[in-house]
Ligand SMILES: Nc1ncnc2c1ncn2[C@@H]1O[C@H](COP(=O)(O)OP(=O)(O)O)[C@@H](O)[C@H]1O
Ligand SMILES: [Mg+2]
C-alpha cells in the first residue's frame, strides 16, 4: 500500500547557492564542506515513510532540524533537494494553487507559539480557515463551535486569546487546525510552551482526539517522555541527520548512537521493554510458568523473580518461543547497575 506520506532524501541547506553547493559536492557534502563554505545543513538526506493512522514523532535537541523538516513536509518551505510524497503525489512538484488547496483541505498544522489571531475570538479563530474556504459565517461558526466543544472549550467561544490560558489557547490552535478535517496532521512542539501538568493533560487530550479521529500524524517534540507517550515510532535527529527511526522499545534496547542512548536515559524502560526483547533461546521447565512475549518487564518481573526455574515465553498463539531467567530479568531492570 502507498504510505500516506513519504519523505525521500530531503535536503534543506541554507547559504548563498544551496542547490549549486549540493551538486558540486555530488549530493554528499561533508561536515568540512558545510563549515568551510558557510552553509548550514538544516536537513541532510532525510528519508522515512508514515503509514495511514500512524503517529510518527520526530525528536532532537533544539537546532537539530525538526522544524525545518516539518516545514519541508508541509511545503511551507521548499527543500533544496528530495521528494515529499503525499498519497503518492510528489508535492515538491505541486503548483501554488494545488498547495493552497492541500493546506485548506488535507493538511492541518499546530505550532508551539499557538499562532492565534489576537483580535478574533476563539470561535472566530477556528472559523477563519472555514471562512477562507468560502463557507458562510453561520456555517463556519456552527462548525467552529462544534470543534471547540471537541477540544473541551465550550463556554469559551467568545473569549479573546489574551483571556485564555496557554493550554486553552493551544486547544483553540488544535481546533483550528482540525477545521479542514485534514488527512495529515503536523504538530511542531505543540505542548512545549506549557507547564508540565498542563502538558500532560494536553497529551491525554491529544490521545483522546486521535482515538476519535484516527489522523496520520507527524508530531515534533524535544521531550522523550512526551514522545514515548504518543508515538507509534520515533525518529531522532541530530545536526540535520535522522540518526535512528524505530519503536520506543527498539530505541531503548538498541540505540544506534550515544546521542540516542542519552535521549532514552529517562524513559520508563520497565514499561516499554517487553519480555520478547530479553528472552533467551530454549524453553523453561516443562509444565512450569509461562508468560507472553508482549508482557512488559515491569509486569513480568514479580513472577519471574519469584520463580525458581526459567520461565517459558510464549507467543500470542501460546506457542513457546523462548525462556527468561532471573538474571536476565535483573539485568533488564537495572541495566546501569549490571554494566558496572
Ligand atoms: N532561515 C534560516 N536561515 C538560516 N539558517 C536557518 C534558517 N532556519 C533554520 N536555520 C538553521 O537550521 C538549523 C535547524 O533549525 P530548526 O529546524 O529550527 O531546528 P529545531 O526545530 O530542531 O530546533 C539551525 O541550525 C538553524 O539555525
Ligand atoms: Mg523547532
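The values are calculated or read from the model by the stated rules, or taken from the named source; none is laboratory data. Since this is a predicted model, take the numbers as computed values, not measurements. Virtual Cβ from ideal backbone geometry, glycine too; neighbours counted across all protein chains shown.
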Close pairs from the range 223-248: first closer than 25 Å to residue 198 by Cα and not assigned by TED's automatic domain parsing to the domain that holds residue 58, partner more than 16 Å from ligand 1 (Cβ to nearest atom) and assigned to a helix (DSSP H, G or I), Cβ under 6 Å, at least 6 apart: none
Mind checking whether some residue in the range 191-202 is surrounded by fewer than 22 Cβ atoms within 10 Å (Cβ to Cβ) and within 16 Å of ligand 1 (Cβ to nearest atom)? yes
How about the range 262-300: which of its residues are in a loop (DSSP other than H, G, I, E, B) and surrounded by fewer than 16 Cβ atoms within 10 Å (Cβ to Cβ)? 265, 266, 268, 281, 282, 285, 286, 287, 288, 294
Please find, among 91, 55, 70, the residue that is without any contact (Cβ under 8 Å) to a residue 24 or more places away in the chain and either within 12 Å of ligand 1 (Cβ to nearest atom) or touching a strand residue (DSSP E or B) at 6+ places or on another chain (Cβ under 7 Å) (or both). 91
Within the range 127-147, is there a residue that is out of contact with any helix residue (DSSP H, G or I) (no Cβ under 9 Å at 6 or more places or on another chain), free of Cβ contacts under 8 Å to residues at least 60 places away in the same chain, closer than 23 Å to residue 231 by Cα and in the same structural domain as residue 61 (by TED's automatic domain parsing)? no
Give me the residue from the range 73-87 that is free of Cβ contacts under 8 Å to residues at least 60 places away in the same chain and within 13 Å of ligand 1 (Cβ to nearest atom) and, out of that set, surrounded by the fewest Cβ atoms within 10 Å (Cβ to Cβ). 78
Does the range 26-33 contain at least one residue that is over 19 Å from the mean Cα position of the chain (by Cα) and buried (at least 16 other Cβ atoms within 10 Å of the Cβ)? yes
